Amino acid sequence: MDKKVVFAVAGSGKTKLIIDSLDTVKNSYIITYTVSNHKNLQDRVVRKFGYLPENIKLYTYFAFIYSFCYKPFCHDIVNTKGINYTTQPSQFFKKETRGHYIDKGDRLFSSRIAKYLIDFEIIDDVVERLNKYADNIFIDEIQDFASNDFNFILHLAKVDVQLLYVGDFHQHTFDTSRDGSTRKNLHADYRLYQKEFEKGSIIVDTSTLLKSWRCSKTICDYISKHLKIDIESNRTDTGIIKYLTDPAEIQDVFKDNSIIKLFFKMHYNYECYSKNWGDCKGEDHYSDVCVVLNDTTFKKYLAGDLHNLAPSTKNKLYVAITRTKNNLYFISEKLLKKNEEVSHAASR
Amino acid sequence: MNHILKIKLFNFKRFETFEVVLDPKLNIIVGDNESGKSTLLEAVDITLSGSRHKVEAKGLENLFNATVISDFLKSDRKYENLPELYVELYLSDQFDPDLNGKNNSDIKTCDGIKFQCQPNHALGKEIKEILKNPASIFPFEFYSISFTTFSATAYSSYKKYLRHLLIDNSQMSTEYAIKEYVRDIYSSVATPLEKSKHQNEYRKHKDEFRKNTLQALDTKLDGYKFLIKSSSKSNLETDLALSENQINIENKGKGIQCFIKTKFALSRASSEMDLVLLEEPENHLSHINMKKMIDLISHADNRQILVSTHSNSVSARLDLRKSILINSSSTVPILLSGIDEPTAKFFMKAPDKNLLDFVLSKKVILVEGDAEFILMEAFYRNTYADELHNSDITIISVDGTSFKRYLNIANKLGIKTAVIRDNDGKYQKNCIDNYSDYAAFTNIKIFSETDDLISTFEISLYNKNTAICEQIFKTPRRTLPILDYMLTNKAEAAYVLLDKKADELSVPQYIKDALQWIKK
């Protein structure tokens with residue numbers, strides 16, 4: 001059976017790749033990390049079939065690992081009730097002791113559910129379960145799987161069913177979980193990252209989805225040049241990239257509710273149609289986008305040195321830029337704050 | 001067909017632990033009164049229903065094993081020793097991941113569902129406080145009731161993994177029971193969607209009646225209006241009845257009611273049903289209807305059936321091999337599935353026998369005729385100066401030729417069985433060669449006179465007690481030799497001996513031997 005990870009660029013049709021593999025016969029399990037992407041995929045499935053077919057099961061990652069993988073084999077025996085997402089396990093408890101995985105209130109540490117399954121070899125039961133009930137398994141946003149969860153998805157490759165992981169290395173903006181030094185440098189080097197999949201007998205495909213449908217050639221060229229992230233466009237048309245300095249122009253864009261304003265963080269401090277860079281991942285409905293550059297990023301922007309941003313900032317910026325289907329505007333956050341109309345709105 | 005593979009009970013009513021593997025089609029649960037036949041059906045019914053309401057209506061104090069509760073109260077009452085209760089139904093593979101997992105007491109990955117009552121640990125502190133008081137009663141109110149699948153997914157009455165119907169013929173004909181039954185039948189044939197539609201239509205019709213017919217009266221009410229009630233106490237399901245030939249079954253005899261219900265439950269019309277639970281179908285039925293009922297049950301092959309019965313004949317005539325015996329003194333069921341076909345078929349056709357007594361016993365003496373049966377108690381008393389019923393030995397009188405049928409069962413179940421028979425003038429042939437197949441089994445032994453001349457029990461008895469027999473049976477007008485008289489009036493003669501000279505009778509040696517062997 002095919003086991004493959006497809007690394008794609010933004011807007012190249014990752015979701016479509018999954019949706020196109022679905023029918024009303026095969027038992028398909030689709031796992032996403034974020035809730036917004038779960039919703040996005042559900043909408044796409046409903047759009048394809050007109051309803052949510054019974055043979056297609058959609059899970060967010062933690063619902064999947066807890067309800068589908070952990071509970072059937074451990075719930076009664078281990079005697080747990082739910083997941084603790086907020087605290088990190090104490091380093092005091094040794095591996096394979098209860099406290100290593102489970103808090104005093106009998107809740108599993110979210111970062112160690114995968115570790116529990118691996119350490120106690122429940123993973124074999126999980127693999128058997130998937131072999132029985134699934135014909136194919138899809139995991140989206142694979143780049144966000146970190147630490148023990150990354151080990152878990154490698155272990156899943158033991159299944160005898162079709163396995164397709166999709167993701168975009170450069171859109172790595174979150175981690176499913178962190179656990180000390182476990183896989184700490186996983187995302188440090190793209191090539192080594194790919195090697196980890198290969199070691200787990202998963203074929204790495206970096207060519208199928210190398211071209212973006214969403215972003216025009218102009219945008220793709222800009223990203224390749226300035227962020228030094230490889231991305232090509234399937235399109236031949238061009239778009240506009242504009243750095244706004246004129247106060248009137250800034251006001252127009254700021255007030256235009258057809259243009260989303262994407263902020264590094266705390267977008268809610270501005271009274272406009274806005275979001276944070278990292279939060280718009282997986283979204284595909286913006287015609288024009290205005291990226292607001294925070295001070296650090298702005299300095300790098302001016303110096304033509306965007307590719308040397310901290311990796312997580314760079315990835316978020318990449319996500320933000322690639323949301324646009326047509327035009328892209330840059331505004332310096334400083335300039336935005338100085339703008340009377342805007343700051344007036346902000347202070348209200 | 002989806003069906004139950006295995007039932008496991010823990011602290012449920014009289015069963016502290018109990019486990020039984022079921023046949024995919026027919027299962028006949030046989031047992032004495034109070035043996036737990038109905039309990040088994042009740043456990044299955046509760047678990048499949050997924051209804052917390054049903055459990056609350058019955059009351060946890062009535063479902064928990066009484067011994068376990070009282071033992072706990074007598075103990076040091078440690079919180080961690082609070083007993084729990086569960087019923088597990090292991091199901092055939094339904095290819096549903098929600099059913100499949102290891103959350104069962106076998107700790108085996110399989111399909112199944114579970115009904116469980118545990119202390120509600122969120123209230124642990126309060127429970128501890130209560131237990132501290134030595135005069136406190138058991139804290140049932142602090143227990144939580146859960147219905148979960150083996151994958152640890154909760155289910156309720158809305159989600160049915162196995163569609164079932166319970167026909168309780170022992171509690172028939174109360175208005176409530178009939179309503180409940182009709183509702184069950186309705187639910188088993190109507191999908192949830194249809195039910196919603198029907199309820200809606202019914203309410204609409206009621207309202208139309210109010211508008212079109214009843215409303216005319218409202219003018220006389222001076223501001224008030226008549227309404228047709230629509231609530232949980234008056235709706236489609238409460239108004240529904242079942243009729244046959246335009247007669248509401250409520251107005252038919254109890255026996256016929258049972259019959260109709262069973263017939264319906266087993267018919268193909270209710271094809272959505274996976275399992276039928278039949279509680280004592282023999283109740284209220286005439287012999288003829290009983291035969292028809294047995295016919296019905298044995299021909300229903302499209303679903304799993306669990307029948308509870310205290311009738312020998314129901315069990316034997318349906319198929320002994322599908323019988324599960326529950327004994328009131330032990331909690332281990334005895335399965336008769338290993339019995340060979342000719343033996344099972346023999347008991348299907350043979351006249352009603354005390355087969356149940358036989359299979360539920362540990363030690364049995366099989367005798368050939370009524371005479372031996374009548375005198376055996378006296379023989380025992382004269383030999384051991386004790387009453388037979390104080391021992392756990394059962395005496396069963398069988399037709400001489402069918403000893404081997406019983407021995408086949410004794411073999412399967414390991415029942416210690418002594419056969420006491422006549423040699424009929426051919427000791428070697430009748431009593432040795434005839435049973436050569438059983439010679440190797442230590443739990444079976446044949447006892448008879450070895451002298452071909454002492455061919456029957458009566459000759460042996462007469463030889464041993466000549467004086468007594470001569471004295472009792474001698475009458476002025478009797479010309480027949482006494483022995484011949486005894487041979488032609490076997491049961492009558494035995495009865496007279498028991499009545500008049502029971503204490504003085506000497507016991508024939510081969511019977512003594514048999515008693516000594518079985519007693520060991």
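Might you let me know whether the stretch A:6-29 holds any residue that is closer than 19 Å to A:Phe152 by Cα and in contact with a Gly (Cβ under 6 Å, 6 or more places away or on another chain)?
No; the residues of the stretch A:6-29 include none that is closer than 19 Å to A:Phe152 by Cα and in contact with a Gly (Cβ under 6 Å, 6 or more places away or on another chain).
Would a scan of the stretch B:39-46 turn up a residue that is buried (at least 18 other Cβ atoms within 10 Å of the Cβ), of a type in the set (Ser, Thr, Tyr), in contact with a strand residue (DSSP E or B) (Cβ under 9 Å, 6 or more places away or on another chain) and farther than 15 Å from B:Glu88 by Cα?
no
Could you figure out which of (1) within 14 Å of chain A (Cβ to nearest Cβ); (2) touching a residue at least 12 places away in the same chain (Cβ under 8 Å); (3) out of contact with any Asp or Glu (no Cβ under 7 Å at 6 or more places or on another chain) isn't true of B:Val55?
Every condition holds for B:Val55 apart from (1).
What tally of residues in the stretch A:67-106 results from selecting those that are open to solvent by less than 30 Å² (accessible area, probe 1.4 Å) and either within 11 Å of chain B (Cβ to nearest Cβ) or among the basic types (Lys, Arg) (or both)?
8
Write out, first by first residue and then by second, each pair whose Cβ atoms fall under 6 Å of each other, whose residues are 6+ apart or on separate chains, and whose first residue, in the stretch A:125-141, is within 12 Å of chain B (Cβ to nearest Cβ) while the second is in a strand (DSSP E or B).
Between residues of the stretch A:125-141 that are within 12 Å of chain B (Cβ to nearest Cβ) and residues that are in a strand (DSSP E or B), the close pairs are A:Ala134/A:Tyr29.
Is there a residue in the stretch B:136-145 that is among the β-branched types (Val, Ile, Thr) and either closer than 19 Å to B:Ala43 by Cα or within 14 Å of chain A (Cβ to nearest Cβ) (or both)?
Yes.
Scan (1) farther than 26 Å from A:Arg183 by Cα; (2) more than 20 Å from the chain's Cα centre (by Cα); (3) within 14 Å of chain B (Cβ to nearest Cβ) for the single condition A:Lys57 breaks and write down its number.
(2)
State the number of residues belonging to the stretch B:1-19 that are of a type in the set (A, V, I, L, M, F, W, C) and either over 23 Å from B:Asn100 (Cα atoms) or surrounded by fewer than 19 Cβ atoms within 10 Å (Cβ to Cβ) (or both).
Count: 4.
Within the stretch A:259-289, which residues are crowded, with 19+ Cβ neighbours inside 10 Å and more than 24 Å from A:Glu141 (Cα to Cα)?
Scanning the stretch A:259-289 gives A:Ile259, A:Tyr270, A:Cys272.
Among the helices (runs of 4 or more DSSP H) lying completely within the stretch B:202-287, list those that include at least 1 residues that are under 30 Å from B:Thr47 (Cβ atoms).
By residue number, B:236-239, B:254-266.
At least 3 residues that are out of contact with any helix residue (DSSP H, G or I) (no Cβ under 9 Å at 6 or more places or on another chain) in each: list the helices (runs of 4 or more DSSP H) lying fully within the stretch A:246-348 that qualify.
Filter on the stretch A:246-348 gives A:247-255, A:295-303.
Could you check B:Ser313 against (1) within 22 Å of B:Leu41 (Cβ to Cβ); (2) hydroxyl-bearing (Ser, Thr, Tyr); (3) open to solvent by 60 Å² or more (accessible area, probe 1.4 Å) and say which number it fails?
(3)
Check A:Leu302 against each of (1) touching a residue at least 40 places away in the same chain (Cβ under 8 Å); (2) over 30 Å from A:Tyr33 (Cβ atoms); (3) not polar (S, T, N, Q) and name the one condition it does not meet.
(1)
Please specify each residue of the stretch A:207-217 satisfying the condition of being in contact with an Asp or Glu (Cβ under 9 Å, 6 or more places away or on another chain) and either open to solvent by 80 Å² or more (accessible area, probe 1.4 Å) or not in a strand (DSSP E or B) (or both).
Once the filter is applied, which keeps residues that are in contact with an Asp or Glu (Cβ under 9 Å, 6 or more places away or on another chain) and either open to solvent by 80 Å² or more (accessible area, probe 1.4 Å) or not in a strand (DSSP E or B) (or both), the stretch A:207-217 yields A:Leu209, A:Leu210, A:Lys211, A:Arg214, A:Ser216, A:Lys217.
Select from the stretch A:232-251 the residues that are open to solvent by 50 Å² or more (accessible area, probe 1.4 Å) and farther than 15 Å from A:Leu328 by Cβ and write down the one among them that is nearest to the chain's Cα centre (by Cα).
Here the answer is A:Glu232.
Of all residues in the stretch A:134-174, count the ones that are in a helix (DSSP H, G or I), open to solvent by less than 20 Å² (accessible area, probe 1.4 Å) and of a type in the set (A, V, I, L, M).
So the answer is 4.
Which of the residues belonging to the stretch A:34-47 are touching an Asp or Glu at 6+ places or on another chain (Cβ under 9 Å) and either open to solvent by 50 Å² or more (accessible area, probe 1.4 Å) or within 14 Å of chain B (Cβ to nearest Cβ) (or both)?
A:Ser36
Given the criterion surrounded by 14 or more Cβ atoms within 10 Å (Cβ to Cβ), within 30 Å of B:Leu236 (Cα to Cα) and modelled with pLDDT of 90 or more, identify the matching residue among B:Lys206, B:Lys114.
So the residue among B:Lys206, B:Lys114 that is surrounded by 14 or more Cβ atoms within 10 Å (Cβ to Cβ), within 30 Å of B:Leu236 (Cα to Cα) and modelled with pLDDT of 90 or more is B:Lys206.
Look through the stretch B:90-99, keep the residues that are open to solvent by 10 Å² or more (accessible area, probe 1.4 Å) and of a type outside the set (Phe, Trp, Tyr), and return whichever of them is nearest to the other protein chains (Cβ to nearest Cβ).
Selected residue: B:Pro97.
Which members of the stretch B:292-345 meet the condition of being assigned to a loop (DSSP other than H, G, I, E, B) and farther than 27 Å from B:Tyr90 by Cα?
B:Ser311, B:Asp340 - these are the residues of the stretch B:292-345 that are assigned to a loop (DSSP other than H, G, I, E, B) and farther than 27 Å from B:Tyr90 by Cα.
Of everything in the stretch A:299-328, what is in contact with a Lys or Arg (Cβ under 7 Å, 6 or more places away or on another chain) and farther than 17 Å from A:Asp221 by Cβ? Give them in sequence order.
A:Asn308, A:Leu309, A:Val319 - these are the residues of the stretch A:299-328 that are in contact with a Lys or Arg (Cβ under 7 Å, 6 or more places away or on another chain) and farther than 17 Å from A:Asp221 by Cβ.
May I ask you to verify whether A:Leu117 is assigned to a helix (DSSP H, G or I) and within 16 Å of A:Val204 (Cα to Cα)?
Criteria not met by A:Leu117.
Does A:Asp119 satisfy the criteria of being away from chain B (no Cβ under 14 Å), more than 16 Å from A:Thr176 (Cβ to Cβ), under 21 Å from the mean Cα position of the chain (by Cα) and open to solvent by 20 Å² or more (accessible area, probe 1.4 Å)?
So A:Asp119 does not fit the description; no.
Tell me which residues, restricted to the stretch B:65-89, are more than 14 Å from chain A (Cβ to nearest Cβ), open to solvent by less than 10 Å² (accessible area, probe 1.4 Å) and either more than 25 Å from B:Arg14 (Cβ to Cβ) or in a strand (DSSP E or B) (or both).
Selection gives B:Leu85, B:Val87, B:Leu89.
Which of the residues spanning the stretch A:3-32 are assigned to a strand (DSSP E or B), in contact with a Leu (Cβ under 7 Å, 6 or more places away or on another chain) and open to solvent by less than 10 Å² (accessible area, probe 1.4 Å)?
Result: A:Val6, A:Ser28, A:Ile30, A:Thr32.
The values are calculated or read from the model by the stated rules, or taken from the named source; none is laboratory data. Only a predicted model underlies this, so the values are computations on that prediction, with no experimental measurement involved. With ideal geometry, Cβ positions are generated from the backbone for all residues, glycine too; neighbour counts draw on all protein chains shown. We work out accessible area using only protein heavy atoms, side chains counted, and drop any ligands, DNA or RNA first. Shrake-Rupley method; radii C 1.70, N 1.55, O 1.52, S 1.80 Å.
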